[in-house]
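Chemist: This structure is in structure tokens; I'll ask about it shortly.
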Amino acid sequence: MRRAAKIYFPFINAGMQEVATYRVNWIFYILGNVMSCFVSYFIWKAVYSSGGGENLEGFTLPDMIVYIFLMFLTSTIIGSDASYVVGEEVRDGSIVMRLIKPVSYNGTFLFQELGNKLLTEIMLLVPLVVGVEAVRAALMGGIQFNPLSFLIYLVSCVLAYLINFFFNICFGFLAFVVKYLWGANLMKACVVGFLSGTIIPLAFLPKPLEAVFLLLPFASLNYTPVMIYIGRYSGLTLLYYLGLQLFWALAFWGLSKFLWRVSVKHLTVQGG
Amino acid sequence: MKQIKRAFKIHRIFVVQELKRMMEYKGDFIVGIIGFLLAQISNLLFLWIIFTKVPSLMGWSLNEVVFIYGFSLVPKGIDHLFFDNLWAVGHYIVRKGDFDRYLTRPINTLFHVMAEKLQIDAFGELLTGVALIIVTLPQLSVEWSVLKVILALISVPFATLIYTGIKTCTASVAFWSKRSGSIIYMFYMTNEFAKYPATIYNTVVRNIITYVIPFALTSYFPALYILKGENPLFNIGMTVLAGSALMALGAVIWHFGTRAYESAGS
């Protein structure tokens, strides 16, 4: 354990320094990303005021507003650049620098990104949670914050991040086949965005489709944590969805190990 | 005239080079097109699901909303197709000192940067946009006149200039700050608001996307004129004005930026 800590601490540190260096850039990117939240906010406001009724598929307007911003918060928390980083390193050959070190390949990425996240999360989590709760309190009259739900939400986010990280590692290995990773990543983001309920709550889909999507790993990414936060899952249902998250995390961890073994044999680095 | 001919000739040479580069990774370019296509499809699914719950969105029918959405993709796609390289200026061309290359050639630097790359991905947006317009137009009772056709056609290149102008202004910041990719991104993302009828937003947002970062002029206002035939002076005139002004501003900032440019020390 101590040995592992000693090995991986430099990676955490490097990740933190990366963020600290490009702070301002990061804030602009967040501001750019939050735009689509505000667009959704206005669209839903228009929907509810256009005679859609008070309650659509179990969501009132305040529910929906909280949902939109929590989705944004959650996807930022669990976001992973692993597919892009892996892909770039495969393409430009710098992956060899990780191969020659006596450390776990996935581990180095994981800890570098965790260092990255540690800083960004602290900068983002507090203001956004306070903001969401303020909106919630204003809309529903009275503070709705539930510390227990919030704690389980954080646990669920950690599981979701692990699923996302290992899924992205697997996806990054696509670089062995596809050279245009930016395009492949965009495709992935669109499909995941839809299947994970970021674009529209899964409850709005036809029931059979919803049932299938809930089983897929993508619902375990954003949808499950957000549903927990707003108190939709409790008791056995809650345990079931946390278990499902754990299952997918382990499944993608295993798959990434397997793909790594297969693809490293095909790795060719020119002029290294 | 001679200059324009020369510009077109140079542009053609660059495009041919670019196509050769793409042939290196055959099939890969399809990936980007499908990516942008999927992005549009998921938004359209969202709209479609919403309209199964409500008959209209603040008085806008599904067809009208989809028409505005489709119209917004055309100038966006054209800008994306021809002027995508401005992103690279903000991301790395200045920072890595690669801009030296542009300075050493007898071509206007801004034109050179723009002409150098052709972003095929944009067809994901362009094709969707055109398809949505073709599908929705016959179902909307639009009264056509010669004037309307002409004005609609004029609005598209100027709407494109709004995109390109904003990108040029923000990309130029890199000449002073070394990198400005995140600034371009922040301003560019405001176009998300342009995809839907501007009446759904509150006054503050509406004023911002009309007068400050005027992406509403690339979609909602020209589309409004096409759909309802109202107020061409504002709906089309403002687009022409904003497109010209932003592009001119971009060119000026770019000009001063190239003077402030310092190469990377290597």
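Chemist: Just round it to a whole percent: the fraction of Cα-Cα distances in the stretch A:95-183 exceeding 19 Å.
Modeler: For the stretch A:95-183, the share of Cα pairs beyond 19 Å comes to 60 percent.
Chemist: May I ask you to give the average projected area over all directions of the convex hull of the Cα atoms of the stretch A:1-139, in nm² rounded to one decimal?
Modeler: The orientation-averaged projected area of the Cα hull of the stretch A:1-139 comes to 11.4 nm².
Chemist: Can I ask one more? Quick one: if you take sqrt(5λ) for each eigenvalue of the C-alpha gyration tensor of the stretch B:124-266, what semi-axes come out, biggest first, whole angstrom?
Modeler: Three semi-axes, in Å: 33, 15, 15.
Chemist: Would you mind checking the tilt of helix A:235-264 against the longest principal axis of the Cα atoms of chain A, expressed as 0 to 90 degrees and rounded to 10?
Modeler: Between helix and principal axis, roughly 20 degrees.
Chemist: Let me ask something additional. Please report the base-10 log of the normalised intensity I(q)/I(0) for the stretch B:76-148, using a Debye sum with one equal scatterer per alpha carbon and no solvent, at each q in 0.25 (1/Å).
Modeler: Per q value, in the given order, log10 I(q)/I(0) is -1.09.
Chemist: Report the Rg/Rh value for the stretch B:96-199, based on alpha-carbon coordinates and the Kirkwood definition of Rh.
Modeler: 1.06
Chemist: Show me the helices of chain B, taken as full DSSP H stretches, that run 24 Å or more along their long axis by Cα and average -1.0 or above in Kyte-Doolittle hydropathy.
Modeler: B:2-24, B:28-53, B:62-82, B:146-172, B:237-260
Chemist: Relative contact order (percent) for the stretch B:2-260, with alpha-carbon contacts under 8 angstrom and 6 or more residues of separation?
Modeler: Result for the stretch B:2-260 is 25 percent.
Chemist: Quick one: what do you get for the stretch A:2-264 if you divide its Cα Rg by 2.2 N^0.38 Å?
Modeler: For the stretch A:2-264, the normalised Cα radius of gyration is 1.06.
Chemist: With everything on Cα atoms, drop me the angle between helix A:147-172 and the longest principal axis of chain A, reported from 0 to 90° to the nearest 10.
Modeler: Compared with the principal axis, the helix lies near 40 degrees.
Chemist: What per residue convex hull volume, in Å³, do the alpha-carbon atoms of the stretch B:2-95 yield?
Modeler: 167
Chemist: With all pairs of different alpha carbon atoms counted, what Kirkwood hydrodynamic radius in Å does the stretch A:205-272 show?
Modeler: So the Kirkwood estimate lands at 14.4 Å.
Chemist: Okay, moving on. Once the principal axes of the Cα atoms of the stretch A:114-254 are found, what is the range along each, listed largest first in whole angstroms?
Modeler: 54, 39, 25
Chemist: Which percent of Cα-Cα pairs in the stretch A:197-243 sits in each 5 Å bin, short to long?
Modeler: In order of increasing distance, the bins hold 5, 22, 32, 29, 11, 1 percent.
Chemist: Among all the aspartates and glutamates, which ones have a C-alpha under 14 Å from B:K5's C-alpha, if same-chain residues fewer than 8 places away are not counted?
Modeler: Once the sequence-local aspartates and glutamates are set aside, nothing remains near B:K5.
Chemist: What do the square roots of 5 times the Cα gyration tensor eigenvalues come to for the stretch B:2-260, in whole Å, largest first, as semi-axes of the equivalent ellipsoid?
Modeler: Listed largest to smallest, the semi-axes of the stretch B:2-260 are 33, 21, 18 Å.
Chemist: Kirkwood hydrodynamic radius (Cα pairs, Å) of the stretch B:202-244?
Modeler: 10.3
Chemist: Here is a follow-up. Hey, in the GNM for chain A with a 10 angstrom Cα cutoff, which one of A:P201, A:P217, A:P62 fluctuates hardest?
Modeler: Highest fluctuation of the listed residues: A:P62.
Chemist: Hey, another quick one. Using only Cα atoms, find the angle between the long axis of helix A:82-92 and the longest principal axis of chain A, and express it within 0 to 90 degrees, rounded to the nearest 10.
Modeler: 30
Chemist: At 222 nm, what helix-only mean residue ellipticity would chain B give, in deg cm²/dmol to the nearest 500, using -39500 (n - 2.57) for each DSSP H run of four or more?
Modeler: -21500 deg cm²/dmol
Chemist: State, in angstrom, two size descriptors of the protein assembly as shown derived from its alpha carbons: Rg to one decimal place and Dmax to the nearest whole number.
Modeler: 24.5, 78
Chemist: Which entries of B:K96/B:K195; B:K9/B:K195; A:K45/B:K76; B:K76/B:K178; A:K117/B:K53; A:K45/A:K207 have Cα-Cα distances beyond 29 Å here?
Modeler: Flagged as over cut-off: B:K96/B:K195; B:K9/B:K195; A:K117/B:K53.
Bear in mind these aren't lab numbers, they're just calculated from the coordinates by the rules spelled out. The shown structure was predicted, so the numbers you read here are calculated from the model rather than taken from an experiment.
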